[in-house]
1. Residues that are assigned to a helix (DSSP H, G or I), under 30 Å from Thr130 (Cβ atoms) and modelled with pLDDT of 70 or more: does the range 228-235 have at least one?
2. Within the bounds of the range 86-98, is there any residue that is of a type outside the set (A, V, I, L, M, F, W, C) and at pLDDT 65 or above?
3. State which residue pairs qualify: first residue among the small types (Gly, Ala, Ser) and inside the range 153-165, second residue surrounded by fewer than 15 Cβ atoms within 10 Å (Cβ to Cβ) in any location, beta carbons under 7 Å apart, and separation of 6 or more residues or different chains.
4. Could you tell me which of the residues Val137, Val83 is part of a helix (DSSP H, G or I), surrounded by fewer than 16 Cβ atoms within 10 Å (Cβ to Cβ) and at pLDDT below 70?
5. Based on what the data block shows, is Thr17 in contact with a helix residue (DSSP H, G or I) (Cβ under 8 Å, 6 or more places away or on another chain), assigned to a loop (DSSP other than H, G, I, E, B) and of a type in the set (Ser, Thr, Tyr)?
6. Examine the range 31-48 for a residue that is farther than 12 Å from Lys119 by Cβ and among the polar types (S, T, N, Q), and state whether such a residue exists.
7. I need every pair where a residue in the range 52-70 that is in the same structural domain as Tyr7 (by TED's automatic domain parsing) has its Cβ under 6 Å from the Cβ of a residue that is of a type in the set (Ser, Thr, Tyr) and surrounded by 14 or more Cβ atoms within 10 Å (Cβ to Cβ), sequence separation at least 6 or different chains.
8. Looking at the range 108-131, I want the residues that are over 11 Å from Ala76 (Cβ atoms) and have a partner that is crowded, with 17+ Cβ neighbours inside 10 Å and at pLDDT below 70 with Cβ atoms under 7 Å, at least 6 apart or on another chain. Which pairs are those?
Amino acid sequence: MTALKKYYDPIIIILATFSVSLVILDSLALIDLTLSPVREIDILILLLFTTDYIYRLFQSDQKGHFFKNNIMDLIAIIPFHSVFAVFRMARLFRIARLTRLSRTMRMFRLTRVVGLIGKATKHIRKFFNTNGFAYMVYASGTVLLLGATVYSIAENVNFIDSLWWAFVTSTTVGYGDISPVSAVGRITAMVLMLTGIGMFGALTSTITSFFIISEDENEDTQHAEIKELNQKIGQLLVKIENLEAKSK
């Protein structure tokens, strides 16, 4: 159980992202969520999210507060496609597919996407708050844009090509299709390379810290539960001693 809690956030992020991809592909008519095997995969993810929601709901001491803070999680587990599958089985969808039912289905698809994105965002935010990683991302993005702007002016290259060059340079890949010639361009390249190295170092450190913090939180929770149990046992022993004293 501890190992599962340790990887809980990454698993939720991956499943939510994958589920969003399925809904978007279905909306673009590239796949059909009512057909196998995509249907079974979608149902499995839905069941996992539903189980997760119900478990956390029962574990919460304040049900109302939990409900208010997990609206997106609730929206993400509403089986919209199952509802419309019933309409299709009843052949009602064919009658109304050019009217309100068709528009409602598209709206529900969008609603589910919003719910899934909201669910994933909550866990992604937790990751970005580790080690101040969000600030590193903002700083790197700013340097990337500034570097692209400076390169565009110094090398007389359009901004889109400059942005592409800045990105591949910061990742230290450097395809070589665009190379700086001026001194300013080369200095910009060095700054971007150092920024990219720092960014990947921060990413590695954040991933490590994220799992360590999750493990520490689990240990703190276990210690708190053990402490609470010991207190209850102590109270029970006192009550037993009082009862024995009264019986004498």
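The values are calculated or read from the model by the stated rules, or taken from the named source; none is laboratory data. The shown structure was predicted, so the numbers you read here are calculated from the model rather than taken from an experiment. Cβ placement follows ideal geometry from the backbone for every residue including glycine, while neighbour counts extend to all protein chains displayed.
1. Just the residues of the range 228-235 that are assigned to a helix (DSSP H, G or I), to begin with: 228-235.
After this cut, where a residue has to be under 30 Å from Thr130 (Cβ atoms) as well, the list is 228.
Remaining after also requiring modelled with pLDDT of 70 or more: 228.
Checked against the condition, which is being assigned to a helix (DSSP H, G or I), under 30 Å from Thr130 (Cβ atoms) and modelled with pLDDT of 70 or more, the range 228-235 yields at least one hit.
2. Step one: filter the range 86-98 for residues of a type outside the set (A, V, I, L, M, F, W, C), giving 88, 91, 94, 97.
Next cut, at pLDDT 65 or above only: none.
Within the range 86-98, none of the residues are of a type outside the set (A, V, I, L, M, F, W, C) and at pLDDT 65 or above.
3. What qualifies is Ala154/Ser182; Ala154/Val184.
4. Numbers: Val137 fails: at pLDDT below 70.
Of the residues listed, the single one that is part of a helix (DSSP H, G or I), surrounded by fewer than 16 Cβ atoms within 10 Å (Cβ to Cβ) and at pLDDT below 70 is Val83.
5. Numbers: in contact with a helix residue (DSSP H, G or I) (Cβ under 8 Å, 6 or more places away or on another chain): yes; assigned to a loop (DSSP other than H, G, I, E, B): no; of a type in the set (Ser, Thr, Tyr): yes.
Judged against the criteria, Thr17 is not a match.
6. The answer is yes; a qualifying residue exists.
7. Phe66/Ser60
8. What qualifies is Phe108/Phe80; Arg109/Phe80; Phe127/Phe210; Thr130/Phe210.
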